[in-house]
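Engineer: The following block contains the structure, expressed as structure tokens.
The values are calculated or read from the model by the stated rules, or taken from the named source; none is laboratory data. Please read these numbers as outputs of a predicted model, since none were measured by experiment. Cβ: placed from backbone, ideal geometry, glycine included. Neighbour counts: every protein chain shown. Side chains are part of the model used for accessible areas, which takes the heavy atoms of the whole protein and leaves out ligands, DNA and RNA. Shrake-Rupley method; radii C 1.70, N 1.55, O 1.52, S 1.80 Å.
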Amino acid sequence: ITKEELTTFYPDHLKWVASKQHNKDFDEVTKEDIEETLYEIANWYDGYSFDKNCKTHVFTTWSILKLFKDKEGAFDTYWYDVGGTPLILRKSYDKIINNKFLLLNGELEVPVNVFDNPTSFADMDPRVLLFQTGYLSFYKAKDKSQYYLKFPNKEVYSAFSDYLLEKAYKQNNEE
């Protein structure tokens, strides 16, 4: 869902979430309340871009629909909570952690050729794996030799960092 689609097809839903977020009756919600809420929804669920020029951004449809269904209109890690950490990422945990490029620092510069035809899962660069599983997204275009990736939104960042912390804590606790 794009921002335009969200505002066009779900205006009452946005107003309802704004009423919950601003603790107001539905009829008391202002345009400013809706804009603030839309900004927060974007922080949580927008940010996916699949075109290399980063011109189109989309929201996580599942999370938007779950937000609209939530009785409190509360932001949460809906997408992650449904599927958890995919097996493919759990199996790649050491590969991801052992590559110090991803310390939840924001953005990654990845040479374009890293995305070219990985021959097997074992050979796949962890950054490509994280992109393909939705944990990273294109966020800006600069030149043709680099892709620029980052966590697309607060939902993914929060879920992924919680997973890494939990996993690291369990490993350290066992040692």
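Engineer: Can you report the number of residues in segment 1-22 which are among the β-branched types (Val, Ile, Thr) and either open to solvent by 70 Å² or more (accessible area, probe 1.4 Å) or not in a helix (DSSP H, G or I) (or both)?
Structural biologist: The total comes to 3.
Engineer: Exactly one condition in (1) farther than 15 Å from Phe59 by Cβ; (2) under 24 Å from the mean Cα position of the chain (by Cα) is false for Glu5; which is it?
Structural biologist: The failed condition is (1).
Engineer: Could you run through segment 147-169 and say how many residues are more than 12 Å from the chain's Cα centre (by Cα) and open to solvent by 50 Å² or more (accessible area, probe 1.4 Å)?
Structural biologist: The qualifying residues number 5.
Engineer: Could you grab me the full set of residues in segment 105-146 that are open to solvent by 40 Å² or more (accessible area, probe 1.4 Å), in contact with a Cys (Cβ under 9 Å, 6 or more places away or on another chain) and either of a type in the set (A, V, I, L, M, F, W, C) or at pLDDT 80 or above (or both)?
Structural biologist: Hits for segment 105-146 are Tyr139, Ala141.
Engineer: Right, something else. Evaluate segment 56-75: report whether one residue or more is farther than 15 Å from Asn153 by Cβ, in a helix (DSSP H, G or I) and touching a residue at least 12 places away in the same chain (Cβ under 8 Å).
Structural biologist: yes
Engineer: Spot the failing condition for Ile88; the list is (1) open to solvent by 50 Å² or more (accessible area, probe 1.4 Å); (2) in a loop (DSSP other than H, G, I, E, B); (3) at pLDDT below 80, and only one is missed.
Structural biologist: Against the list (1) open to solvent by 50 Å² or more (accessible area, probe 1.4 Å); (2) in a loop (DSSP other than H, G, I, E, B); (3) at pLDDT below 80, Ile88 comes up short only on (2).
Engineer: Scan segment 23-55 residue by residue and report those that are free of Cβ contacts under 8 Å to residues at least 24 places away in the same chain, buried (at least 17 other Cβ atoms within 10 Å of the Cβ) and not polar (S, T, N, Q).
Structural biologist: Val29, Asp33, Ile34
Engineer: If we keep just the residues of segment 21-47 that are of a type in the set (Ser, Thr, Tyr) and touching a helix residue (DSSP H, G or I) at 6+ places or on another chain (Cβ under 9 Å), which is farthest from Lys144 (Cα to Cα)?
Structural biologist: Taking the candidates together, the pick is Thr30.
Engineer: Oh, and also: Output the qualifying pairs, or none if there are none: Cβ atoms under 7 angstrom, residues six or more apart or on different chains, first residue in segment 107-132 and among the charged types (D, E, K, R), second residue surrounded by 12 or more Cβ atoms within 10 Å (Cβ to Cβ) and assigned to a helix (DSSP H, G or I).
Structural biologist: Cβ pairs passing all conditions: Asp125/Val114; Arg127/Val114.
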